[in-house]
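Written below as structure tokens is the structure these notes are about.
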Amino acid sequence: MATDNIIHFWRKNAKVPGSIQPVYGAQHPPLDPRIHRTFPKDTPKGNNLKSKKASSFHEFARSTNDAWDIDDENDEDFLAPIHPSSLPPTLHSTHQVPPLPLQQPSDTTREPDTGPADRLAPPTAEGCLQQEEDTDCGQINGRVVVKSSSEALINTNTVRSTLQKQQSLPVRPIIPLVARISDQNSSGAPIMTLRDKSRLDKFKYLLSCPNTDLEELRKHSWSGIPREVRPITWRLLSGYLPANMERRDLVLKRKRDEYFGFIEQYYHSRTDETYKDTYRQIHIDIPRTNPLIPLFQQPAVQEVFERILFIWAIRHPASGYVQGINDLVTPFFVVFLSEFVEEDVENFDVASLPLDTQRNIEADSFWCMTKLLDGIQDNYTFAQPGIQNNVKALEELVSRIDEDIHNYFKRYEVEYLQFAFRWMNNLLMRELPLRCTIRLWDTYQAEQEGFSHFHLYVCAAFLIEWRKEILSMVDFQGLLMLLQNLPTIHWGNEEVGLLLAEAYRLKYMFADAPNHYKR
């Protein structure tokens, strides 16, 4: 009885600190309906109960919760305290937290990724029965299970009906939510082909020249950067490193020392009255950054993010810290960490690295994030005018390239701001797995004004990608839930490449033709 009261209390009091809030997006998909089933309560026969549909955004908002609904005033009571001390010139050492084990298929058992359709299609009962007349087969968490002939005969009809049910349900990941974020593809490390080796050799040649041809480097980076040379290429394309090879080591040392000089000068002021609200918000947001990836739950990593975001915020008072900027650190941190880690970085213990290496990764992440934000700072100033303008531009663009979707949104009173604000604020990071974001940013780094201008066309192409699913929705709530939880968890290089190609086509057609197809 006491247990029932406790459960009722937590369900009723969703605002209580520590209560679980549903968070939707590529990083936090909803529960798999095949595993976590809910059964309707018994109702008297004859009652024709209809689900109440939200007819407006206000009703929809009242019926759902978001990640930011937690009462910030009480967050400090349940967040694990982080006590970084005065760090430079020596960083504070933290106790290691054992990484959370992720059950995922071994690389040796993975089959080559042949595309989303092949990757997601469940096995058929007929295919299993054709393997042997006297055996039956099934899949449990990616492993093939062979049953006896008697079990096969008894369960054949059950297998067929179960698979038919599963095919009618939306496909969701069962175990790996972020499978090997450092890999080129979602299905494991790809085999190095002759073409890949040729591309890698070309990158190495360009990077080894006394003066790297940045235009040529951008041209080759547009279609993706090999993992081995991605860190140095990102530093060059972001403008953090000079093209002249002789100056690079000197510039790196100077900029890294400058960053830790900022920490020594400013970081102690995080508890001052002027900055304590900024630091408190950063401290609250960091545990929410990629909460399902063990790497980002390590205390050492969270302290790195706190320092990076706090120093950036006080050095940019026009905007200060805004929720969403914390996500923009993660791709840089993963890429620069992968320079020193051969295995998968998802569960890597950062505290095991030498102190100088940790410092270098932190400083490089800060400066590259700063370079990125310099080009889109209007997104984070008061009233966020950059995002407002981009959402309006997206609405105008979609009305010209797909009038059906545009009119469909009008019909169900869906405002672009209700879903596209997050697309602009987080650069689609909440919609895509981290491995896809890294590949996407290869092209953004290669494009002129990739983060500020080309991103608009990527968002338009991303919206049109789900045209069929959008037009199949029949109410406001269904549309909003789809647009805030698009099923991209299985995406890899192939899907991102097609998305970028479509975005480039849209840019080519519309960027320099403001009245093209205008009605």
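Per-peptide packing, taken as the mean over residues of other Cβ atoms within 10 Å, places 378-387, 304-313 in the sequence 304-313, 378-387 from highest down.
Within a Cβ distance under 12 Å of GLN358, other residues only, what is the Lys/Arg minus Asp/Glu net charge? Let's see the in-between values first.
Numbers: positive: ARG256, ARG307, ARG359; negative: GLU303, ASP349, ASP356, GLU362, ASP364.
In short, -2.
In the complete set of protein chains, residue-level accessible area for SER452 is approximately 50 Å², probe 1.4 angstrom. Subtracting the Cα-Cα distance of GLN484 and ASP249 from 0.36 nm times their residue separation leaves 80.2 nm of extension gain. Extension gain for GLU413 to VAL474 (0.36 nm times residue separation, less C-alpha to C-alpha distance): 20.8 nm.
Does segment 194-374 come out rounded, prolate or oblate, given a ≥ b ≥ c as the square roots of the eigenvalues of its C-alpha gyration tensor, rounded meaning a/c under 1.5 and, failing that, prolate meaning a/b above b/c? Prolate.
If you roll a 1.4 angstrom probe over the protein chains with everything in place, what fraction of the accessible area of segment 194-374 belongs to carbon and sulfur, to the nearest %? About 50 percent, which is the carbon plus sulfur part of the accessible surface. Say a paramagnetic label sat at a point 7 Å from the Cα of LEU355, along Cα to Cβ; which residues of segment 278-306 have their backbone N under 20 Å from it? What the label zone holds, given the 20 Å backbone N cut-off, is 299-306.
Taking Rh as the Kirkwood radius computed over C-alpha pairs, what is the Stokes-Einstein D of segment 385-512 at 37 °C in a medium of viscosity 0.692 mPa s, expressed in µm² per second? Result for D is 222 µm²/s.
In terms of packing, defined here as the mean over residues of other Cβ atoms within 10 angstrom, the peptides 354-367, 427-440 line up highest first as 427-440, 354-367. At an R0 of 45 angstrom, the distance between the Cβ atoms of ASP257 and ARG467 translates into a FRET efficiency of 0.30. Simple spin-label estimate for GLU395 and GLU339 gives 4.3 nm between the two label positions (7 Å along the Cα-to-Cβ direction from each Cα).
A 1.4 Å probe run over the protein chains yields, for segment 385-512, 37 Å² of accessible area per residue, whole-number rounding.
Overall, the accessible surface of segment 385-512 at a probe of 1.4 angstrom is composed of carbon and sulfur to the extent of 49 percent. Length available on full extension from ALA318 to LYS276: 0.36 nm per residue minus the Cα-Cα distance, which gives 13.4 nm.
The values are calculated or read from the model by the stated rules, or taken from the named source; none is laboratory data. None of the values given here were measured: they were computed from a predicted structure. No Cβ is skipped: glycine too gets one built from the backbone with ideal geometry, and neighbour counts run over all protein chains shown. Ligands, DNA and RNA are stripped out before the accessible areas are found, and what is left, the full protein with its side chains, is counted by its heavy atoms. Shrake-Rupley method; radii C 1.70, N 1.55, O 1.52, S 1.80 Å.
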